[in-house]
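The values are calculated or read from the model by the stated rules, or taken from the named source; none is laboratory data. If you're wondering where the values come from, they're calculated on a predicted model, not measured in any experiment. No Cβ is skipped: glycine too gets one built from the backbone with ideal geometry, and neighbour counts run over all protein chains shown. Surface accessibility is based on the protein's heavy atoms, side chains included, excluding ligands, DNA and RNA. Shrake-Rupley method; radii C 1.70, N 1.55, O 1.52, S 1.80 Å.
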Amino acid sequence: MAAETTDRAPYVIVGGGMVADAAARGIRSRDAEGRIVVLGDDADPPYTRPALSKKLWTDPDFTEADNDAGTASATGAEVRTSVRVTAVDTAARTVTTDGGDVLGYESLLLATGGRPTPGPVEEGPRVLSFRTAQDYRRLRRLAGEQRHVVVAGGSYIGTELAAALVQNDTRTTLVTPDEVLGASMFPPELARHFQGLYEQAGVTLRTGAKVAGGSAREDGVDVELDDGTTLGADALVYGFGIVPLTDLAEAAGLTVDDGVVVDEHLRTSDPHVYAAGDVAQYPDRVLGTTRVEHVDNATTMGQAVGELMAGRTEAHDHTPFFYSQVLGTRYEAVGTLDGSARTVQDWQSGEGVGGPGVVYYLDDDGRVTGVLLWDVPGKTDEATQVLADTSPQDEGSLRGRITGD
């Protein structure tokens, strides 16, 4: 027999991040009164995650208070922090928390995000992954005053952290398996330009290497690389990406496949349970079945799922872009960036590689599979339109297509 509960809400959101904030706002845009309960295991209420590796390091006038999403005040949602949901009962439509509370729902949103991929050295006071505002505070305390921080991982979060640290009086070493920084995403000449930005900023690069082990002391960390060398540092921070948190969904019997599987209306295999953000595998009209771990997806899908929970009937059809902003350069992209793919590079007139421009990534049949906008703002819709065109392309058809040059 299903457990009874007297505490129920029309809308329950599991997860306290940017998706939760956007979903609460989406609900409120269609339902002014329905009770919304947000259950997040983060110690902080929803905040803007990209600022943790960007603006909070580069804008002295931007504070953590400015970074607060203001979810409760904007929507009236009950935001409960440091609460972990341990079980979902789809038959009873209830969730159970680690404190033993049972809360009923009419519509449930799983916005659980992901856990950082662990590294080979056990986390502790001087070894950390980077995901939350608490992680940001910890790294801030370990950085500055010419302390030495080793960043492991050369993708988005690793490169952003290295850029942030080196601009804040921190000796920074970036360890990346790429032989040239960014080579897994960018064509060779652009990767060399990208690496040059870090070298000029003073980052020490250990390319073609991985952290293989090490040990932490009270006053520092010895970081062992797979080439046999050891780096002495004040701290080690991992930037390896995340693994989607699907445990709750799996235990509840929902369909999971590299994320919680949802349809075009963001419903899971249970019609009363939705999923969105990093944890959701969804059908994208341009990208196909995919799971996206970037902020545009979190906010747009979050807004959409809130509206869908509150009665919207139109399917979610936004194709997200992703971006990074480091050392005075901003790049945005749609689709897949594969540094080994054939590319058409369209740098603006008079500018060489690394000046404003567009890089198109093509498959063996000439179809565009990814578009990189390098210091070209406001063109992600145009990039999506190029991706949606599945006909074969070449330099003649692509040059000037987005920039107009």
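Couple of notes before you dig in:
- With respect to the stated conditions, Val243 is in contact with a Lys or Arg (Cβ under 8 Å, 6 or more places away or on another chain), open to solvent by 30 Å² or more (accessible area, probe 1.4 Å) and assigned to a strand (DSSP E or B).
- Pairs are defined by a Cβ separation below 8 Å, a sequence spacing of at least 6 or placement on different chains, a first member in segment 233-254 that is within 20 Å of Leu52 (Cα to Cα), and a second member that is open to solvent by less than 30 Å² (accessible area, probe 1.4 Å) and of a type in the set (D, E, K, R); the pairs so defined are Gly239/Glu160; Ile242/Asp278; Pro244/Asp278.
- Restricting Glu179, Glu199 to those that are part of a helix (DSSP H, G or I) and surrounded by fewer than 16 Cβ atoms within 10 Å (Cβ to Cβ) reduces the list to Glu199.
- Taking segment 35-79 as the range and being free of Cβ contacts under 8 Å to residues at least 60 places away in the same chain, out of contact with any helix residue (DSSP H, G or I) (no Cβ under 7 Å at 6 or more places or on another chain) and under 21 Å from Leu248 (Cα atoms) as the test, only Asp41 passes.
- Taken over segment 246-263, the criterion of being open to solvent by 50 Å² or more (accessible area, probe 1.4 Å), in a loop (DSSP other than H, G, I, E, B) and closer than 19 Å to Thr117 by Cα is satisfied by Asp257, Asp258.
- Members of segment 282-300 that are farther than 21 Å from Leu52 by Cα and buried (at least 22 other Cβ atoms within 10 Å of the Cβ): Tyr282
- Residue check: Ser155 meets all listed conditions (1) modelled with pLDDT under 95; (2) among the polar types (S, T, N, Q); (3) over 25 Å from Gly228 (Cα atoms) but one, namely (3).
- Test: residue in segment 108-121 that is in a loop (DSSP other than H, G, I, E, B), aliphatic (A, V, I, L, M) and under 26 Å from Val292 (Cα atoms): yes
- Candidates Leu231, Leu236, Leu225, filtered to the one that is crowded, with 16+ Cβ neighbours inside 10 Å and under 22 Å from the mean Cα position of the chain (by Cα): Leu236
- Hits in segment 6-44 (condition: buried (at least 22 other Cβ atoms within 10 Å of the Cβ) and not aliphatic (A, V, I, L, M)): Tyr11, Gly15, Gly16, Gly17, Asp21, Gly26, Gly40
- If the condition is being over 8 Å from Asp41 (Cα atoms) and either touching a strand residue (DSSP E or B) at 6+ places or on another chain (Cβ under 8 Å) or open to solvent by 70 Å² or more (accessible area, probe 1.4 Å) (or both), then segment 71-84 contributes Thr71, Ala72, Ser73, Thr75, Gly76, Ala77, Glu78, Val79, Arg80.
- Residues considered: Gly355, Gly339, Gly400. Of these, the only one that is in a loop (DSSP other than H, G, I, E, B) and either open to solvent by 30 Å² or more (accessible area, probe 1.4 Å) or in contact with a Gly (Cβ under 8 Å, 6 or more places away or on another chain) (or both) is Gly339.
- Selection count, segment 183-196, where residues are open to solvent by 50 Å² or more (accessible area, probe 1.4 Å) and not small (Gly, Ala, Ser): 4
- Residue within segment 363-381 that is open to solvent by 10 Å² or more (accessible area, probe 1.4 Å), in contact with a helix residue (DSSP H, G or I) (Cβ under 7 Å, 6 or more places away or on another chain) and in a loop (DSSP other than H, G, I, E, B) present: no
- Only one of Thr48, Thr96 that is open to solvent by 20 Å² or more (accessible area, probe 1.4 Å), at pLDDT 95 or above and over 24 Å from Gly158 (Cβ atoms): Thr96
- Every listed requirement among (1) farther than 22 Å from Asp98 by Cβ; (2) part of a helix (DSSP H, G or I) is met by Glu33 save one, (2).
- Which listed residue, of Val95, Val79, is closer than 25 Å to Ala310 by Cα, among the aliphatic types (A, V, I, L, M) and within 25 Å of the chain's Cα centre (by Cα): Val79
- Residues that are assigned to a loop (DSSP other than H, G, I, E, B), charged (D, E, K, R) and open to solvent by less than 50 Å² (accessible area, probe 1.4 Å) within segment 122-155 comprise just one, Arg131.
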